[in-house]
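Here the structure comes first, spelled out in structure tokens, and everything after it is commentary.
The values are calculated or read from the model by the stated rules, or taken from the named source; none is laboratory data. What you are looking at is a predicted structure, and each value in this text was computed from that prediction instead of being measured. Cβ placement follows ideal geometry from the backbone for every residue including glycine, while neighbour counts extend to all protein chains displayed.
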Amino acid sequence: MSGGVVISWDGAYLVDGVRTPFVDYNGALASVSPIDLGIKVGREAVKKSGIDANEIGTVICGSVAQTSFDAYMLPRHIGLYSGAPIAAPAHLVQRVCGTGIEILSQAADAVSFGRAEVALCVGTESMSRNPVAAYTHRSGFRMGQIEFKDFLWESLLDTAAGSTMGQTAEKLAIQYQLTREEVDAFASRSFDRAITANERGFFSAEIVPVKTETFERDGFAPRGIKLAKGMTAEADTHVKPSPVETLAKIPPAFDGVQTGGNSSAIVDGAAAGIVASGEYVKRHNLKPMARIAACASFGVQPEVMGIGPVPAIRLVLERAGLKLSEVDRIEINEAFAAQTMACARELGLDEEKLNVNGGAIAMYAYDEDRLIDGCARARRGL
């Protein structure tokens, strides 16, 4: 296969990880800076892993939208207030929906190539704090030309292709002959699977409740999370029963099959993981969740950006020496139901293996790059 970027590793391990609940737009976490959400999960991931924070060699963070005035310092502050050494550098990653997987990929690079033994990885986003912005008023306002726009809405438009993200999904729906009924059925199944996973406690080990608290580090100003009085965030709020009959009543969002009910949720939240080298894991007798085997990224036409997982999956399987039939669990981002279904049909994959615990439609905006490890299995039974 020509094109794309792919790499594999022998000695990179995901030691442990946590996340906040994913809370609906303008919900309990709406006023919280993504930096503070990132600090919360960073601290909790370090604690859960049992690793001494002083041994963190690098901090790699991701946040697509700048939703606080100190956004430039996001990775550095997350590292500092999570307990990383002053000498541990921090940097920000941005690969849009693939940012989270790119963070893990760069961490695997760092620990495999000897740049660090332990990496703190954090992805954090506040959809609620996306700004209403103006980019052309630095020199003042001209009569009749005061223009502020909703960044969250406008950022969905790819100006090169002249298409919004939703419109790219509609193009795939036409190309793969997907009906509204099929798309709604896929979305309903995502909700059902997430509900079932939640009921059996699948998410309980990874979710850390968020409450009002202060983060301190000697020599630095305290910062923290402040929620409304008496409020906490303890569970995903978007997961709810969504039968096909209910989804069918929601009007189209882009003049096609996609609606607000069968598209990814708009939520606030953060997640963190600890990646360590094989030598470090062995030396400290750790029991990691999984080995990070390989990662691939692949560019496609912007007008059908959602088909990107297909060549990426093929490329990473080729590098890992695996067939798709040999992989037991597959995650593909449910940015839009039609987009995910198009990927599944193009790959010819068994949908019983796909997003078995629900996906972004039910819970959150997940990552579109794919990381497949056919050898490792998470402790949770993946």
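List of remarks:
- Looking across segment 245-254, the residues that are at pLDDT 95 or above and either of a type outside the set (K, R) or touching a His at 6+ places or on another chain (Cβ under 7 Å) (or both) come down to E245, T246, L247, A248, I250, P251, P252.
- Among (1) closer than 29 Å to E102 by Cβ; (2) crowded, with 19+ Cβ neighbours inside 10 Å - the single one G224 does not satisfy: (2)
- No other residue among G273, G261 is in a strand (DSSP E or B) and within 22 Å of A197 (Cβ to Cβ) apart from G273.
- Test result for V275, crowded, with 20+ Cβ neighbours inside 10 Å and over 30 Å from G166 (Cα atoms): yes
- Segment 291-307 residues that are of a type in the set (S, T, Y), paired with ones that are surrounded by fewer than 21 Cβ atoms within 10 Å (Cβ to Cβ) (beta carbon under 7 Å, 6 or more apart): S297/G4; S297/V5
- Odd one out for D52, checked against (1) within 16 Å of R129 (Cβ to Cβ); (2) surrounded by fewer than 23 Cβ atoms within 10 Å (Cβ to Cβ): (1)
- Test: T212 is under 27 Å from K48 (Cβ atoms), surrounded by fewer than 17 Cβ atoms within 10 Å (Cβ to Cβ) and of a type in the set (V, I, T): yes
- Of the residues making up segment 195-209, just one is among the hydroxyl-bearing types (S, T, Y) and surrounded by 12 or more Cβ atoms within 10 Å (Cβ to Cβ), namely T196.
- Matching residues in segment 16-43 - criterion: being of a type in the set (G, A, S) and assigned to a helix (DSSP H, G or I): G38, G42
- Any hit, segment 283-301, residues being at pLDDT below 95 and farther than 24 Å from A205 by Cβ: no
- Looking across G79, G100, one residue alone is crowded, with 23+ Cβ neighbours inside 10 Å, closer than 23 Å to A276 by Cβ and either under 17 Å from the mean Cα position of the chain (by Cα) or among the charged types (D, E, K, R) (or both). It is G100.
- Filtering A360, A342, A312, A338 for residues that are modelled with pLDDT under 95 and either within 24 Å of P252 (Cα to Cα) or of a type in the set (A, V, I, L, M) (or both) leaves a single hit, A360.
- Selection within segment 227-239 - surrounded by 14 or more Cβ atoms within 10 Å (Cβ to Cβ) and either in a loop (DSSP other than H, G, I, E, B) or touching a Lys or Arg at 6+ places or on another chain (Cβ under 6 Å) (or both): L227, E234, A235, D236, T237, H238, V239
Conditions tested, residue by residue: (1) modelled with pLDDT under 95; (2) in contact with a helix residue (DSSP H, G or I) (Cβ under 9 Å, 6 or more places away or on another chain); (3) under 14 Å from A270 (Cα atoms).
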position: R43; (1), (2), (3): no, yes, yes
position: G57; (1), (2), (3): no, yes, no
position: I78; (1), (2), (3): no, yes, yes
position: G83; (1), (2), (3): no, yes, no
position: I103; (1), (2), (3): no, no, yes
position: S112; (1), (2), (3): no, yes, no
position: F148; (1), (2), (3): yes, no, no
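- Output for segment 276-301, where each listed residue is in contact with a Gly (Cβ under 7 Å, 6 or more places away or on another chain) and in a strand (DSSP E or B): S277, A296, S297
- Residue that is nearest to the chain's Cα centre (by Cα) [pool: residues in segment 283-328 that are among the charged types (D, E, K, R) and more than 24 Å from A169 (Cα to Cα)]: R291
- Residue identified as surrounded by fewer than 23 Cβ atoms within 10 Å (Cβ to Cβ) and of a type outside the set (S, T, Y) among D36, D16, D24: D24
- Residue check for S242: part of a loop (DSSP other than H, G, I, E, B), out of contact with any Phe, Trp or Tyr (no Cβ under 8 Å at 6 or more places or on another chain) and either over 19 Å from R43 (Cα atoms) or at pLDDT below 95 (or both): no
- D52 vs. criteria in contact (Cβ under 8 Å) with a residue 12 or more places away in the chain and among the charged types (D, E, K, R): no
- Only listed residue being free of Cβ contacts under 8 Å to residues at least 60 places away in the same chain and under 21 Å from the mean Cα position of the chain (by Cα), chosen from S155, S190, S204: S204
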